[in-house]
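See below for the structure under consideration.
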Amino acid sequence: MSNRTYQSGAAKRKKAAKAKEDISKYLPLTSFLLVQKSKPVVSEDVFLCPTSNFVSIDSALLPNETLEIQQELEPEQEPEPEQESEPAQVPEPVQEPEPAQEPESNQIKTYPNATTKTTQETDPALWHQLSQEAQSFWISNGPSMCQNNDGSFKNSERLSCGQKRYLSKSCFRRELHNGEFVNCEWLLYSPSTGSVFCFACTLFSSKHSNFSTTGFDDWKNALKCISGHENGSEHHKNMLTYSSRQRESGQLDSVLLKQLHNKQLYWQNVLKRIVAVVKFLSSRGLPFRGNNETIGSEQNGNYLGTLELLSQFDPFLHEHMKKHGNSGKGNTSYLSANICEEFICLMGNKVLSEIISELKKAKYYSISVDSTPDLSHVDQLTFTVRYVKDLAPVERFLQFVPIHGHGAEHLETVVLNLLQENEISISDCRGQSYDNASNMAGQYSGLQKRIKDKSESALFIPCAGHSLNLVGNSAAGCCLEAIIFFDFVQCLYNFFSASTHRWQVLLSFVGKGKKIVKQLSGTRWSACADAVTCLHDSYDEIKKALEFLIKDISQSKETQNDAQNLITKITTFEIVFLTIFWNDILCHFNETSKILQKENLNLDVAVRILKSLLHFIKDLRSQFENYQEKAKILLPNTDYRDSSNRTKKRS
């Protein structure tokens, strides 16, 4: 049994014959028309069509079903010439003779242009070098008047691989993904050439293509090519141009609208450059303003200076600054400090709102606050939050909050007010982390206790990095030998950094690739690690630099004396031993501190890394002989100072 889903040729012929028979039963419309002696008056509002361009009334009144049957026959075979059936005789009224039907290629309609009193061709193939008036006419009226898809497409006959192919009405419809069909309003048929054109591309495109100049007639790949053109960038651009022109054509003040649009576009381009500069300086923490706001001055700051730099390579910005720069108050230029500060506030508020939006989406969070004075001696509280985003911890700085005291009660008020202003619920707080100061970490009245009273789930976890730093400083401060050792390290840095000549001498001996002496820090334990590591790695080179300065006769006696004191200390067995010993301790402390300060650190890793450091420190107590042997390798003929001192006896 055949699985054919379409009608056979015999079935189509039977259907066409039955339709022809049904049509022949109807009387022609001309049988009911009276003869008019006078010439009818045609209004200018009615579309003018030459009499030679009219289709015969009989063929124009054929039902749509007959036209569809003819289109179904055309792709397979030419319909056989049909015998015209004689219409039934009606005595009255008298018929006028029907106008002779011209070939279809000449049946081209024209429409009047009410503005210019001229007619416009509806055949897109004849739109070569359209005048501005004709283009405005079609922009105002749209493509519906010139689609020419309501007739026969006999002139679209093309030979492809020895087979005749025709344009189908299905090309004027497109199926959406949801199964609905929409009309391709932009597709125009040319009766003269039998090809199709794109309405927007024919009017506006400057590129040569089949849809804009010569016409498209590859019916074998029609649906694919038409869809490809519709989704192309050139078609989209021309459709946007047509849409914009159509909106403007409906305005009486289109000239003023164009001027307004150009003015808006001008200031938008100015603001784009201003915003880019503000973002650049803000992202790098650079200052904006200088001593003045004069364009061309070397003291106008980074903001205006960056704009001046860009203007050297941007003609648009160069002309703007030349025209509007230094114009004074009351003149719009968007170059003033007020505009700059306004953009900074807008960007800051946008960033803050985005962080708060992410925090609310995550729901649960933890806080970390600390105070620090700025250069203007204003004490500010840094407020930081941590939450989970995309299954990973995220740490965000919210803002600086000026404070007027360090009491736990005052800090509690500042924290709660900040959360309330940003509509963040304190009940969703699940953690808090501060330093170990009594006003922050106090067990009974500290800030952590007051926050925990508001939210029982807000567990307090002291800052691990700060706690480790306090442990290191306290341990070093309890040992007199350690205090003497770190004082020597600081003196060594002070001696070489006090003179550029001494520093160059040290660099010449140390060379490239090795670390140079560093300064200690009272708050950052990692600075002590860097300073001791430099002394450990460049011990021999530092000693040679000191010996060179002692022998340099160009140096002052004071310098030679200081160098002699330092080389005396650096060659003692205690200094060498402590250098090796503290280098190992501080390196482990520093690496642990860096891990504790990572954003993605969790409690489990923090506990394990602290236990590992504790285990390493305990093991050092049993390795005294190992460090002593390492010290004797650097100074083989030396011993402890106490062993060489002569014991005093009472007389």
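Observations, loosely collected:
- The alpha-carbon of residue 329 sits under 23 angstrom from the alpha-carbons of these lysines, leaving out residues fewer than 8 places away in its chain: 263, 272.
- Here the extension length gained between residue 345 and residue 436 equals 29.3 nm, from 0.36 nm per residue of separation less the Cα-Cα distance.
- The residue 207 and residue 640 beta-carbon pair, evaluated with R₀ = 60 Å, returns a calculated FRET efficiency of approximately 0.10.
- Net length gained if the chain between residue 619 and residue 224 were fully extended (0.36 nm per residue, minus Cα distance): 134.4 nm
- A simple rule links phi to the HN-Hα coupling: the Karplus curve 6.51 cos²θ - 1.76 cosθ + 1.60 with θ = phi - 60°, which for the range 550-564 gives 5, 8, 6, 6, 6, 7, 6, 5, 5, 5, 5, 5, 5, 5, 5 Hz, with x for Gly and Pro.
- Members of 279/449; 454/618; 598/632; 514/630; 360/611; 514/569 lying beyond 32 Å, as alpha-carbon distances in this model show: 279/449; 454/618; 598/632; 360/611
- 5 angstrom amide H check on residue 446, placed H, neighbours 5+ away: none
- Whole-number accessible area per residue in Å² for the range 297-391, which is evaluated in the context of all protein chains at 1.4 Å: 63 Å²
- Label-point separation in nm, residue 121 to residue 336, each point 7 Å along Cα→Cβ: 5.9 nm
- Options 491, 478, 511, ranked by Cα towards positive dipole end of the range 477-560, top entry (Cβ charges): 511
- Highest mean packing first, where packing is the average number of other Cβ atoms within 10 Å per residue, the peptides 408-414, 181-187 line up as 408-414, 181-187.
- FRET efficiency for residue 455 and residue 601, using Cβ-Cβ distance with R0 set to 22 Å, rounded to 0.05: 0.45
- Think of each Lys and Arg Cβ as +1 and each Asp and Glu Cβ as -1; about the Cα centre, that makes the dipole of the range 462-576 roughly 300 debye.
- Inter-probe distance in nm under a simple model that places probes 7 Å from Cα toward Cβ, at residue 247 and residue 324: 2.3 nm
- For the pair residue 395 and residue 272 in one chain, pulling the backbone fully straight at 0.36 nm per residue adds 41.3 nm over the alpha carbon distance.
- Other residues whose C-beta falls under 13 angstrom from the C-beta of residue 428 contribute a net charge of +4, scoring Lys and Arg +1 and Asp and Glu -1.
- Per-peptide packing, taken as the mean over residues of other Cβ atoms within 10 Å, places 452-463, 200-211 in the sequence 200-211, 452-463 from highest down.
- Counted by Cβ distance under 13 Å from residue 456, the other residues give a net charge of +3, where Lys and Arg count +1 and Asp and Glu count -1.
- Near residue 584: Cβ cut-off under 12 Å, other residues only, Lys/Arg at +1 and Asp/Glu at -1. The net charge is -1.
- A DSSP coil position with no more than 16 other Cβ atoms inside 10 Å describes the following chymotrypsin sites (Phe, Trp or Tyr not before Pro) in the range 354-406: 364.
- Shown for the range 475-563: the carbon plus sulfur share of the solvent-accessible area, taken with all protein chains present and a 1.4 angstrom probe, equals 54%.
- Derived scalar couplings ³J(HN,Hα) [the range 406-421; Karplus, 6.51 cos²θ - 1.76 cosθ + 1.60; whole Hz; x for Gly, Pro]: 10, x, 4, 5, 5, 5, 4, 4, 5, 5, 5, 5, 5, 5, 5, 4
The values are calculated or read from the model by the stated rules, or taken from the named source; none is laboratory data. Only a predicted model underlies this, so the values are computations on that prediction, with no experimental measurement involved. Neighbour counts are summed over all protein chains in view; Cβ atoms, including those assigned to glycine, are modelled from backbone coordinates with ideal geometry. SASA here: full protein model, heavy atoms, side chains in, ligands and nucleic acids out. Shrake-Rupley method; radii C 1.70, N 1.55, O 1.52, S 1.80 Å.
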